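Peer 1: So that we are looking at the same thing, I have put the structure below in structure tokens.
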Amino acid sequence: MARPALPPALALIAGAGVGWALPIPSLAMTLGVAVLAAAAAALGVVFGARRFAAVLCLLGYALTGLAAGQRSRAELPAPILEWFEAEIAADAPDATAWILGRLQRDAAPTDYGASLTIEVVRIGQGRDLRPLRGVVRASVGGAFVGGRIGEWRQGRIVRLPVRLRRPARYANRGTPDQAQRLQVRGIDLLGSVTSALQVEVIETGGLRHEWSGRVRAFIRRSVDAAVGTHDARSAAVVTAVLIGDRAGLDRDTTERLQQGGVYHVIAISGGNIAVLTAALLLLLRLAGAGGRHASLLAILCLLVYAQVVAPEASVTRAVFAAAVFLAARAADHRTEPLNTLALAAGCLVAADPRSLVDPGFQLTFGATAGLLVGVPRLMRWVDRGEAPPNPGRPADRAPRAPAVRFLLVPAAGLLVATVCAELALFPIGALHFSRVTVAGLGLNFAAIPLMSVTQLAGMAAVGLAPVSSAAAAAAGWVAHAAAAGIVESTRVLTWAPWLSWRLPAPGPAAVAVYYAGWVIALAADHGRRRRPDGASPARTAPDAGGFGNRVGAARWVGAALVLASAAAMLAAPIPGLADRGAADACEPLSPATAGAKRLRVDFLDVDQADATLVRFPDGRSLLVDAAGQARGRADVGGRVVVPAVWALGVRRLDYLAITHGHPDHVGGAAAVLRDLRPREVWEGIPVPSSEPLAALRSGARTAGAAWRNVHAGHVERIGGVRVRALHPPAPDWERPRVRNDDSLVLDLRYGEVSIVLPGDIEAGVEAAVAAALDPAGRRVVKAPHHGSRSSSSATFVKALSPVLAVVSAGRDHAFRHPHREVVARYAAAGAVVLATGNEGAIAICTDGRGLAVSTHDGRRFAW
């Protein structure tokens, strides 16, 4: 059998996926059935029923994977989460916990200071700490970070006070649970440390960690000296390629590489390890070590390298796969690459079933499988002219000249490899990153060779640094030129932005149909080349048993499934299908108004920020604020707001209203402009000195969106809904800075129902807004300023008299919104108070008379 590892690996992986995704009642029962299947398989071998035994063996592998996936999912919430819920979140949300733990990796510099990833050993309030398992990622701020960050190395034991919080979920339709994603990556809680002086290193990390930490520090210094003198960005790229440390990459460079489809070249993965392995084997051969000894020494060098570089899962995968290949080479065991790939994937999933849902695992093995399956088939077309002539058939064409072949075949091979990888990863890229790019088909011609030059020249610069600074600088210039070439190649997207575009994440059915189509087509192709009787296709009758017709039909069916599912993914959201779940909020409304057009308002869960989508009865849409973060590099607009809007059936906005220019309201506007292309942008009072608002205005101009300044008294009628601005009045002086009290306040009136969206206004202007309100049968208000104590005054709440108050605020955020006094005021006025941080996204539906509400977590209300 050419690929003995493939069937059991696929069975194990499939079982682990099912065990992770679906709740299985009994782990013990699953393991018991697996053991029985293995025993029955052994008996089948003894008594000669080999096929029956093979089926039972595969069943045993699948059930073992099922048990492993089930157990891994059950262990996902670490004990530290239960402790946090009981000791911190419920009783003392503002309390500080003391942590004694081991640093999982070197401290990473950030815009606000540094980030520490701590494997907790002991934790508690005060100095009385208890043993507990979990991982905390803590941000450290203050002026002393620069002088202390070098001390925070992987493996060292630290003690520090941390203000803990649960990660934001971003619980919306169309956006995955970010808290669970962090748990899969091993992060259970987030936290903040006030000052670097509070981080105490109490123990070093032992010889292995200290040695590898010193090597990483030496590499960083050498790269900064040899490459950083030419360009800091190139030094960051070289450092990322050499040791996997991407902390120095700025957000613009990261986004450009991702949009161009070449980000993979700077992440240590299969390509980088392949270059390193080839370099090691060449050096060992030049040193006189050949064959088996070279393979074994190369494995040892790769294991040392894995210890030095950043502890990323991609490094583990690539090094393990290379070690398997080299071990087989050392043992003179000839095997197909697909067999090696299956063995590596099966072993990694068996060791940690969580890797199945890791995008990096899917990208690595998906791309490699696409290369191994697709490239040989397509390259046969390229080599058709070079094939030996068939005695029974004339050659299709004359053989190519050697020079032409020397240039054509490698170029064609790189293009074919890129196409195969892109086809294999198309749904995965759309699912995890909401992006499809064809720019990589051309850019990889430059990026992959330049990555190899960057890696080799960077290694040379580091190796030459202790010997000759001049030689190191020369190698550093080569590395800089190659790294700059990788980044600058993405400028093609400035001239041709249509080469990369964003799209909604596909559903599991579309992904399953896409890959099922490829399996059917490839199986049919395999059957065409291997006839049932073992003869080659050329030597059998074309109509032998109708086999050829069946194979041809299967190939067409597979191709049709691939094309249909790809078209469905590219066309999403499909009207009437994408927003079907959103109609659930309207179910409690009176059946008598079933035919009436309805107004829908969705308060998105965007942590400590604001974003509200309004869908009018005539199909037009308005997004009020675009979320964002006060600090940090996360693109909340692109990763949360846009996918959530897409999931609600809106592919293009009609209006975007920005209440004011603070980062938690305008930070995601650039992504909204790019992906949702609003026809109009509304602003309240202009603030010329505000860089975010100036950038938004410039982006709107570039996108062709109309820009309007909206002030108190302005009225729009959209689909039977009156949209009236209650605040601010037209300015009589130029604002030097953005102010909460200048927020744009909108009142949506549909029949007897009023929905008030007041931005971040505070008590000083609430009286004027309250005076402008019209009486309403039922009123909903988004609590001003995230439920802050400085807003929602008693006068304002009384004037509103709402049935529902929605608070857009983060769970466990440092501001601890909504304030308990604000909640008490709304409750005293008879309002239900719902917070997005606790409930997830909150959907409202009204026919102008009744009002229905549903939350992401399943709660329902109706008036």
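Peer 1: With r as the distance between the Cβ atoms of residue 587 and residue 832 and R0 = 25 Å, compute the FRET efficiency 1/(1 + (r/R0)^6) and round to 0.05.
Peer 2: It comes out at approximately 0.90.
Peer 1: A further question on this structure: Provide the gained length on full extension for the span residue 122 to residue 201, in nm with one decimal, where the gain is 0.36 nm per separating residue minus the Cα-Cα distance.
Peer 2: In short, 27.0 nm is gained.
Peer 1: Efficiency by 1/(1 + (r/R0)^6): what FRET value for residue 22 and residue 468, r their Cβ-Cβ distance, R0 = 45 Å, to the nearest 0.05?
Peer 2: Efficiency at R0 = 45 Å is approximately 0.15.
Peer 1: Quick one: plug the Kirkwood hydrodynamic radius of the stretch 88-205 (C-alpha pairs) into Stokes-Einstein at 37 °C, 0.692 mPa s, and report D in µm²/s.
Peer 2: For these conditions, the coefficient is 224 µm²/s.
Peer 1: Taking N as the number of residues in the stretch 249-360, what value does Rg over Cα atoms divided by 2.2 N^0.38 Å take?
Peer 2: Expressed relative to 2.2 N^0.38 Å, the Cα Rg reads 1.19.
Peer 1: Further, regarding this structure: Over 45 Å apart: what share of the alpha carbon pairs of the chain falls there, rounded to a whole percent?
Peer 2: So the pairs more than 45 Å apart make up 36 percent of the total in the chain.
Peer 1: Would you mind getting the accessible area per residue of the chain, heavy atoms of the protein chains only, 1.4 Å probe, in Å²?
Peer 2: 45
Peer 1: Right, next: Calculate I(q)/I(0) for the stretch 216-275 by the Debye formula, one identical point scatterer on each C-alpha and no solvent, and give its log10 at q = 0.21, 0.25 Å⁻¹ to two decimals.
Peer 2: Values returned for q = 0.21, 0.25 Å⁻¹ are -0.81, -1.05.
Peer 1: With every protein chain present, what accessible area does residue 680 have (1.4 Å probe, heavy atoms only), rounded to the nearest 10 Å²?
Peer 2: Only protein atoms counted, so the area is about 40 Å².
Peer 1: Can I ask one more? Within the chain, what whole-number % of the accessible surface is contributed by carbon and sulfur, with the 1.4 Å probe and all protein chains included in the calculation?
Peer 2: 61
Peer 1: At 4 °C and 1.567 mPa s, grab the translational diffusion coefficient of the stretch 780-863 from Stokes-Einstein with a Kirkwood Rh over Cα pairs, rounded to a whole number in µm² per second.
Peer 2: 100
Peer 1: Rounding to the nearest 20 debye, state how big the charge dipole of the stretch 88-205 is about its Cα centre with +1 on each Lys and Arg Cβ and -1 on each Asp and Glu Cβ.
Peer 2: Computed about the Cα centre, the dipole is about 300 debye.
Peer 1: Sticking with this one: Could you tell me which residue out of 193, 121, 171 lies farthest along the dipole of the stretch 88-205 toward its positive end? Charges go on the beta carbon: Lys and Arg +1, Asp and Glu -1, centred on the Cα centre.
Peer 2: 171
Peer 1: Of 641, 723, 663, which is farthest on the positive side of the dipole of the stretch 629-742, counting Cα position, with +1 on Lys and Arg Cβ, -1 on Asp and Glu Cβ, and the Cα centre as origin?
Peer 2: Going by the Cα projections, it comes out as 641.
Peer 1: Now, a different point. Got a number for the accessible area of residue 266? Probe 1.4 Å, square angstrom, nearest 10.
Peer 2: Its accessible surface works out to 0 Å², give or take rounding.
Peer 1: Can you show me the helix-derived [θ] at 222 nm for the chain, built from DSSP H runs with n ≥ 4 at -39,500 (n - 2.57) apiece and divided by the number of residues, rounded to the nearest 500.
Peer 2: -15000 deg cm²/dmol
Peer 1: Additional query: Over the chain, what relative contact order in percent results from Cα pairs under 8 Å that are six or more residues apart?
Peer 2: Across the chain, relative contact order equals 9 percent.
Peer 1: Taking the full set of protein chains and a 1.4 angstrom probe, give the accessible area of residue 662 in square angstrom, rounded to the nearest 10.
Peer 2: Rounded to the nearest 10, the figure is 50 Å².
Peer 1: Residue 708 to residue 863: extension gain in nm, 0.36 nm per residue of separation minus the Cα-Cα distance?
Peer 2: Full extension of this stretch gives 52.3 nm more.
Peer 1: In the chain, which longest range has no trypsin sites (Lys or Arg not before Pro) that are both DSSP loop (not H, G, I, E or B) and surrounded by at most 10 other Cβ atoms within 10 Å?
Peer 2: Looking at the chain, 128-333 is the longest stretch - no exposed trypsin sites (Lys or Arg not before Pro) with at most 10 other Cβ atoms within 10 Å.
The values are calculated or read from the model by the stated rules, or taken from the named source; none is laboratory data. A quick note: this is a predicted structure, and the numbers were derived from the prediction, not measured. With ideal geometry, Cβ positions are generated from the backbone for all residues, glycine too; neighbour counts draw on all protein chains shown. Side chains are part of the model used for accessible areas, which takes the heavy atoms of the whole protein and leaves out ligands, DNA and RNA. Shrake-Rupley method; radii C 1.70, N 1.55, O 1.52, S 1.80 Å.
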